[in-house]
1. Starting from the residue with the highest accessible area, list R101, R164, R233, R118 in decreasing order, probe 1.4 Å.
2. Please list the non-local residues whose amide H lies under 5 Å from the amide H of L48, H modeled 1.01 Å from N, same-chain partners needing a gap of 5 or more.
3. So what J values fall out for the range 9-24 if you push phi through Karplus, 6.51 cos²θ - 1.76 cosθ + 1.60 with θ = phi - 60°, rounded to Hz, Gly and Pro as x?
4. How much of T84 can a 1.4 Å solvent probe reach, expressed as accessible area in Å² and rounded to 10?
5. By average Cβ neighbour count within 10 Å, what is the ranking of 239-248, 67-76 from highest down?
6. Subtracting the Cα-Cα distance from 0.36 nm times the residue separation, let me have the gained length for I6 to I75 in nm, one decimal.
Amino acid sequence: MAVSGILGWLNIRGLKMRLDLPDEIYCGLATMATLRLVNAKRRFPSFLLQAKVLGNNVTSNLIKGGDEDTNSFVITFPDRGEVTIPFGEIYSPFPINFFVRRRRAPLGRHITIFPAPRPCAMAEGFDKAGKSGGLASPRKGYEGDVTRIADYTGSEPMKLIHWRLSAKHEEFKVKELSATFREPVIIDITAIPGRELEGRLSCAAFLINRLIRTNRPVGLKLPDKVIQPALSREHRLALLAELAVYGKD
């Protein structure tokens with residue numbers, strides 16, 4: 001019994017856990033998570049391991065010394081807001097299936113769950129307002145004005161090849177066009193129709209994603225500040241993060 005106890009303790013010793021999640025998670029929608037178990041022991045393997053995190057269990061039969069095992073699972077977060085995942089749990093019945101030894105593995109993950117984007121009537125109004133045309137953007141695109149002539153890299157559409165200039169050179173030349181964007185918009189959550197806050201936040205999330213992906217700069221009006229319109233992915237995630245914690249104080 002003493003030997004099995006020592007072996008069992010050594011088996012789960014030196015194991016580290018890492019949880020990988022995407023930076024864009026929406027409440028109520030399935031998300032793929034990846035759990036990595038790392039055996040930090042250089043010489044000794046670990047056997048018959050089970051890890052539990054966020055209510056999900058994964059199994060690793062063998063992790064050699066200095067190696068890791070990766071398992072993925074699907075998880076759904078029911079509510080929006082900030083979530084802290086302080087630790088996971090590792091346990092094993094090794095060496096004999098009589099005692100199960102377990103310990104906690106620190107994770108220290110802090111994630112933000114965004115409101116689930118849902119189509120709403122306001123989207124049609126923005127679509128109609130944006131059909132009048134677009135303004136030139138400094139970002140590279142395929143529909144705006146010609147900004148410069150560049151060498152062909154193989155990734156550009158054939159329609160962008162400048163045939164007359166290409167005939168004068170030994171390599172193809174392409175037209176680089178600016179992207180187009182429509183009139184910037186600032187979304188005011190209090191102005192979105194609907195009695196329920198969660199429904200209005202879902203509408204706002206839908207509008208943010210849809211408008212920015214169609215090159216329309218979007219900002220957000222909050223009770224204590226106004227975030228000016230922009231187009232980057234980082235800006236879009238920042239707006240969604242504001243919606244995630246809206247009214248949570």
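1. Largest accessible area first, the list is R164, R118, R233, R101.
2. Distant-sequence amide H within range of L48: L62.
3. 5, 4, 5, 9, 7, x, 9, 10, 10, 9, 10, 9, 10, x, 8, 10
4. 80 Å²
5. Top of the packing list down: 239-248, 67-76.
6. Length difference between fully extended and current span is 21.3 nm.
The values are calculated or read from the model by the stated rules, or taken from the named source; none is laboratory data. Predicted model only: the values in this text are computed from it and were never measured. Reconstructed Cβ throughout: ideal geometry from the backbone, glycine too, with neighbour counts over all protein chains shown. Accessible surface areas use protein heavy atoms only, side chains included; no ligands, DNA or RNA. Shrake-Rupley method; radii C 1.70, N 1.55, O 1.52, S 1.80 Å.
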